[in-house]
Amino acid sequence: MRILIPYNLRKSLIFKSVYKHHSRCEVILDEPVITDDSLCYDQVSAEEISNILSSLDVHNLIHLIVLKERAESLAPSVTAIVNFGSRTGLQLTEWKKANVPPIHKKGKKDLVENYRPVSLLPVISKVQERCLVTRLVPHVQEVLYSYQHGFQKGKSCVTQLLEAFYDIGCTLDRGFESDIIYLDFANAFDSICPAKLVSKLKAFGIGDPLLKWFQFYLTERKQRVVVNGTYSA
């Protein structure tokens with residue numbers, strides 16, 4: 001008996017097959033980097049949540065418009081949920097489920113490897129993430145590598161290029177040559193080992209219950225590929 005699988009479902013299953021699962025690796029704990037201070041829990045205020053909701057980019061989506069227009073009224077409820085997660089180290093399971101629409105990035109469109117997965121998560125979970133980022137980044141800022149330009153406020157590919165050109169120019173002015181080695185990690189984000197990341201956060205002075213929240217956030221996540229409204233699972 002031959003079973004026919006709808007075209008969109010077949011495509012979504014193909015995309016699902018090439019996306020990596022989280023690594024389950026054994027970890028040797030890093031030596032503490034920050035020892036004089038720790039970040040364990042910091043309560044979020046309703047005013048902070050209201051400001052985040054009010055700044056949402058709605059994209060003409062009705063649920064985002066409601067969150068933005070009723071930010072002040074919804075803020076206390078959202079604040080209670082966010083603070084519960086930070087206080088207990090837990091996160092709602094539904095917030096760990098992502099829809100992944102494949103976005104074409106280069107080359108032929110009939111090759112799966114030419115697509116980039118983009119995880120779409122619930123908006124409120126992103127609000128919680130923003131609250132934690134505003135607390136985490138200042139805590140670890142001083143120990144971050146000074147030459148890292150990615151994912152740092154005020155730095156970008158442009159600042160990296162300017163710094164590189166300046167160093168090369170100074171070297172040429174002194175009559176020396178410069179050799180450059182370019183490296184690129186394929187599927188770098190998908191290859192991250194959550195256990196190693198949690199170990200690194202612990203070394204950076206992140207303690208429970210916040211460390212427990214990060215561990216809970218990074219593990220047992222679920223995703224499904226979406227192609228033209230058809231889901232892989």
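Just a few scattered comments:
- Among (1) under 30 Å from residue 215 (Cβ atoms); (2) part of a helix (DSSP H, G or I); (3) free of Cβ contacts under 8 Å to residues at least 40 places away in the same chain, the one test that residue 78 misses: (3)
- Where a residue in the stretch 135-162 is touching a residue at least 60 places away in the same chain (Cβ under 8 Å) and its partner, wherever it lies, is among the hydrophobic types (A, V, I, L, M, F, W, C), with Cβ under 6 Å and at least six apart: 139/39; 140/204; 143/33
- Positions within the stretch 41-55 being of a type in the set (A, V, I, L, M), in a helix (DSSP H, G or I) and either open to solvent by 20 Å² or more (accessible area, probe 1.4 Å) or within 23 Å of residue 139 (Cβ to Cβ) (or both), in sequence order: 46, 49, 52
- Contacts under 7 angstrom Cβ, first residue in the stretch 84-107 being under 15 Å from residue 212 (Cβ atoms), partner part of a strand (DSSP E or B), 6 or more apart: 96/222
- In the stretch 123-134, the residues that are under 17 Å from residue 209 (Cα atoms) reach residues that are assigned to a helix (DSSP H, G or I) with C-beta atoms within less than 7 angstrom, at least six apart or across chains, in these pairs: 128/82; 128/85; 131/48; 131/82.
- Residues that are open to solvent by 30 Å² or more (accessible area, probe 1.4 Å) and in contact (Cβ under 8 Å) with a residue 60 or more places away in the chain within the stretch 56-75 comprise just one, 63.
- Residues (of a type in the set (Val, Ile, Thr), over 27 Å from residue 218 (Cα atoms) and in a loop (DSSP other than H, G, I, E, B)) located in the stretch 149-198: 180, 181
- Restricting the stretch 179-200 to residues that are touching a Leu at 6+ places or on another chain (Cβ under 9 Å) and at pLDDT 80 or above, the residue that is most open to solvent (accessible area, probe 1.4 Å): 197
- Extreme residue, most open to solvent (accessible area, probe 1.4 Å), among residues of the stretch 87-102 that are within 21 Å of residue 222 (Cα to Cα) and out of contact with any strand residue (DSSP E or B) (no Cβ under 7 Å at 6 or more places or on another chain): 94
- Filter pass, residue 8 being on the phi > 0 side of the Ramachandran plot, more than 22 Å from the chain's Cα centre (by Cα) and modelled with pLDDT under 90: no
- Test: residue in the stretch 117-130 that is open to solvent by 100 Å² or more (accessible area, probe 1.4 Å) and assigned to a helix (DSSP H, G or I): yes
- Restricting the stretch 131-151 to residues that are under 15 Å from the mean Cα position of the chain (by Cα) and modelled with pLDDT under 85, the residue that is least open to solvent (accessible area, probe 1.4 Å): 150
- Among residues of the stretch 212-226 being under 30 Å from residue 138 (Cβ atoms) and in contact with a strand residue (DSSP E or B) (Cβ under 9 Å, 6 or more places away or on another chain), the one that is most open to solvent (accessible area, probe 1.4 Å) is 221.
The values are calculated or read from the model by the stated rules, or taken from the named source; none is laboratory data. Since the structure is predicted, the reported quantities are computational estimates derived from the model, not experimental observations. Please note: Cβ atoms are built from the backbone with ideal geometry, for glycine as well, and neighbour counts cover all protein chains shown. These accessible areas exclude ligands, DNA and RNA; they are computed on the full protein's heavy atoms, side chains included. Shrake-Rupley method; radii C 1.70, N 1.55, O 1.52, S 1.80 Å.
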